[in-house]
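Take a look at the structure set out below.
The values are calculated or read from the model by the stated rules, or taken from the named source; none is laboratory data. Model, not experiment: these values are computed from the prediction. Positions of Cβ are backbone-derived with ideal geometry, glycine not excepted, and every protein chain shown enters the neighbour counts.
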Amino acid sequence: MLAAIRTIIESHFGIFLLLAFVLGLTVPGVQDTPKNVILFLQAAIILFACSKIKLADFQGFRPKEIAGFYVLRFILLPVAMYFMAAWTVPEYKYALLLLGLMPCGATLPAMMGILGGNPALGLTATTISGLLAPFTVFAMFAIFSTLDLQLDLWGMFQTLFFVIFCPVIVYFGLLRRFEPLKLTMRENASMMAILLIFGVIMIVVAYQRDRFFTEPVFFIQAFAVGTVAYFVYYAIGWFVFARRDRRTRISYSLMGGNNNIALAISLAALYFPAHEMFILVVWEILWIMGVTLFQLFVKMTAGPEEG
């Protein structure tokens, strides 16, 4: 029974996350959920992601290649988008910077397996980008935040440390010692990540539900800006590795586009003005659409032996 439920949830994750969006807009009382609940949901996502980590998954890869892509995608590209937005759509520059700095999503290894990428590479990317996220986010906003955006940088760093490092310490220091628990967590990790992200989406959408009905023009503009951003995120992996095999191109495209936007929304809810939070909630729709459209793209471009 559980296996059947797990298969349904993992195979239709996009529908489940869109349902969370709808419930956030319609279910009364969800907007009263304390914001700290989001942090614990995020920490739980990381905790289950840890259960899938095996030392063997970090072997057989090209460290320079992964490091180069990390610098390009998670440092240079967010900075470039920040400056482009400052010149063209300045009200989106901080939201784009925050979005671009977010690590790979907890669902990335599962998406790798579904779409024909390398799940072990996805797990490596998720682990490395996640562990570096508190430091890159702190450093970048220390550099680029100005008088028009004064953030509690130390508080944001502490939050990221709690959400990312504490689950790692709890899992590897304690939970992995219990073999049955470890195996159960590993088996259900992808399903639990989807369900926990479901909760995050429903809560943060509820926080901003009124704006969806009162500011349709803002919604459309945010949707357009986010569409461009996510197109670039997916395209960069596909075209940078144009001469590599198809599996590598799929893997790096997903590493570029399947980011942890739920973490960005959580940080926006706690530390950023409502303006940025609403933008990122809109971009959650694009995150869901991006994975779905990339899956369609992969099927359309598959060779006869793959199709």
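Please tell me if Ala110 is under 23 Å from Met140 (Cα atoms) and at pLDDT below 80. Spelling it out, it is not the case that Ala110 is under 23 Å from Met140 (Cα atoms) and at pLDDT below 80. Looking across the stretch 61-107, the residues that are surrounded by fewer than 22 Cβ atoms within 10 Å (Cβ to Cβ) and not in a helix (DSSP H, G or I) come down to Phe61, Arg62, Val89. In this entry, Ile143 is excluded by the filter for residues that are without any contact (Cβ under 8 Å) to a residue 12 or more places away in the chain, part of a helix (DSSP H, G or I), over 26 Å from Arg73 (Cα atoms) and not charged (D, E, K, R). Looking at Ala222, Ala193, just one residue is assigned to a helix (DSSP H, G or I), small (Gly, Ala, Ser) and in contact with a Gly (Cβ under 9 Å, 6 or more places away or on another chain), and that residue is Ala193. Within the set Thr26, Thr88, the sole residue that is over 17 Å from the mean Cα position of the chain (by Cα) and farther than 26 Å from Gln150 by Cα turns out to be Thr26.
Considering the stretch 122-132, the residues that are surrounded by fewer than 23 Cβ atoms within 10 Å (Cβ to Cβ) and not β-branched (Val, Ile, Thr) include one that is modelled with the lowest pLDDT, namely Leu123.
Look at (1) assigned to a helix (DSSP H, G or I); (2) under 15 Å from the mean Cα position of the chain (by Cα); (3) closer than 25 Å to Ser11 by Cβ and you find that Ala120 fails only one, number (2). When the stretch 5-58 is limited to residues that are among the basic types (Lys, Arg) and farther than 23 Å from Leu267 by Cα, the one that is surrounded by the most Cβ atoms within 10 Å (Cβ to Cβ) turns out to be Lys52.
Residue by residue, here is whether (1) buried (at least 20 other Cβ atoms within 10 Å of the Cβ); (2) touching a Leu at 6+ places or on another chain (Cβ under 6 Å); (3) farther than 11 Å from Ile46 by Cβ; (4) not hydrophobic (A, V, I, L, M, F, W, C) holds:
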residue	(1), (2), (3), (4)
Gly155	no, no, yes, yes
Gln158	no, no, yes, yes
Ile164	yes, no, no, no
Val168	no, no, no, no
Asn188	no, no, yes, yes
Leu196	yes, yes, no, no
Val200	yes, yes, yes, no
Val204	yes, no, yes, no
